[in-house]
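Working notes, structure below.
Read-outs: derived from the displayed coordinates by stated rules, not from any lab. Predicted model only: the values in this text are computed from it and were never measured. Cβ atoms come from the backbone with ideal geometry, glycine included; neighbour counts cover every protein chain shown.
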Amino acid sequence: MTAEIAILNKSAVALAADSAVTIGSERSRKIFNTVNKLFTLSKHRPVGIMVYGSAQIMEVPWETIIKVYRQRLGCRSFAHLEGYAGDFLRFLDGNRSFFPASEQRDYFQGLVSALFRRINDDIKVKVKDVLDKSGKCTTAQVRQIVRSEIDSHFGKLKEVKILKGFSEKFAARLLRKFKVPLREIQARVFQKLPLSPPDKRKLNMMAGWLFVRDSFRIRGTSGVVIAGFGEMDIYPRLKEFIVEGVIEDKLRFRSQRDVQIGSKTSASIIPFAQSEVVRSFMEGMDPGVEGLLDKFLDEVFANYPNILLNHIPNLTTSAKAKAAKKTEAASKNILEKFRAAFEKFRKETLINPIVSTVSVLPKDELAAMAEALVSLTSFKRKFSLDAETVGGPIDVAVLSKGDGFVWIKRKHYFKAELNPHFLTNYFQDD
């Protein structure tokens, strides 16, 4: 995990990122505090890029990809920031030097195996429940459980929308190409489970849908944030994407937040990855506490009217039904008023004053604020029982129209005074 933040106003955008990376599983993991997550996307233009989540895509480090792209970009520029974002995504599309056919095949097999294992695990849980209750589970019951679980996953995935640029034909082409490994994965995962021909067809269809539908794993995906100015941009802009992998030379990604500073939006504070501390600072309440409060209030206002009516003696069934209908409507109205007043108070007393201040902050204060918010997240993780998945030096940069990309804080794995050639050669390729 990580903590990153972007703070934008009309004059500049400040980016800050921690240096922690977690390697290993929940049982055995190691945390290093030396990873770079914030980079210049162009050596010559005020455009930066941050990555969070997985530090690599299909085993290729993001740092390598970004620096190769930056070298190929050279002195080229785009009129608007979305030009840089689009060009970077196209650079990943069909890049066989990073993603050869063998890696794309492994990506297919890995994703499909994970889905099939998840379905198989659900089947095992249901079979165990039957065994625990009755002491046996017949072949017919197993077949029914298998069919039910496959149908459940099939129905859920079918409802997910298709990603832009993909299609059902693309999914069918994948199934034809990977017919043999798909059959092997199915046999290996489900082994002797009684799969009917319709069950197998649905499993195959889901294997194709995995790559064309807007369904991304939590693990294994990366967040990519591109921010700064195009040649014609007066104010900064930020674009965020979720990226997973490349299949058949096509990048699987989803567009996330798109923030444009201008007349309607004078400033914005955007946290990425572990954002609960920043949200607490901005909104006055921890997101977890807010979620618990919302859930509790929903239950209270939904159940309390009936509890009251149940304690009124000699109330007929019809009278109780009429009273319940009125009290439920009143209860719902009270809850809606409370939430509206709560949100208004939060915006007027907490969020708006901070945003108003950020809108006029000078560049150095933008950088200081970005660093402080990432540092605060690291501080909380350090003094909690959770793993310190945020930490290490904080890289900070400020991007502005006139001054370009300026590092405020930047760690190196080497001493600059021992490597003068590094800075000397930085622009040499261009």
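Indicate the gyration tensor shape class of the stretch 282-357 (rounded, prolate or oblate), computed on the Cα atoms with a ≥ b ≥ c the square roots of the eigenvalues: a/c under 1.5 is rounded; otherwise a/b larger than b/c is prolate and the rest oblate. It comes out prolate by the Cα gyration axes. According to the square roots a ≥ b ≥ c of the eigenvalues of the Cα gyration tensor, what is the shape class of the stretch 187-292, taking rounded for a/c under 1.5, prolate for a/b larger than b/c otherwise, and oblate for the remainder? Judged from the Cα gyration tensor, the stretch 187-292 comes out oblate (a/c at least 1.5, b/c at or above a/b). For the modelled label position 7 Å from the Cα of Ala324 along Cα-to-Cβ, which residues of the stretch 278-303 have backbone nitrogen atoms closer than 13 Å? The answer is 303.
Can you bin the stretch 61-179 into rounded, prolate or oblate? Criterion: square roots of the alpha carbon gyration tensor eigenvalues sorted a ≥ b ≥ c, rounded for a/c under 1.5, prolate for a/b above b/c, oblate for the rest. Here the stretch 61-179 falls in the prolate category. Between Glu343 and Gln56, the contour length at 0.36 nm per residue exceeds the Cα-Cα span by 99.4 nm. Set Lys and Arg Cβ to +1 and Asp and Glu Cβ to -1, take the dipole of the chain about its Cα centre, and tell me which of Thr424, Trp209, Pro362 lies farthest positive. The Cα lying farthest towards the positive end belongs to Trp209. For the pair Val259 and Gln141, a Förster radius of 41 Å applied to the C-beta separation gives a FRET efficiency near 0.20, rounded to the nearest 0.05. Every helix of 4 or more DSSP H residues in the chain counts as -39500 (n - 2.57), and over all residues that averages to -16500 deg cm²/dmol at 222 nm.
To the nearest 20 Debye, how big is the dipole of the chain about its Cα centre, given +1 on the beta carbon of each Lys and Arg and -1 on that of each Asp and Glu?
Working: 69 positive and 49 negative charges, 373 e Å.
The dipole magnitude comes to about 1800 debye.
In summary, the aspartates and glutamates within cross-link reach of Lys380, defined as a Cα separation below 15 angstrom excluding same-chain residues under 8 places away, comprise Glu4, Asp18, Glu276, Asp286, Glu371, Glu388.
Using the structure shown, select from Lys158/Lys192; Lys177/Lys202; Lys43/Lys411; Lys10/Lys250; Lys10/Lys411 the pairs with a Cα to Cα distance greater than 24 angstrom.
Lys158/Lys192; Lys10/Lys250; Lys10/Lys411
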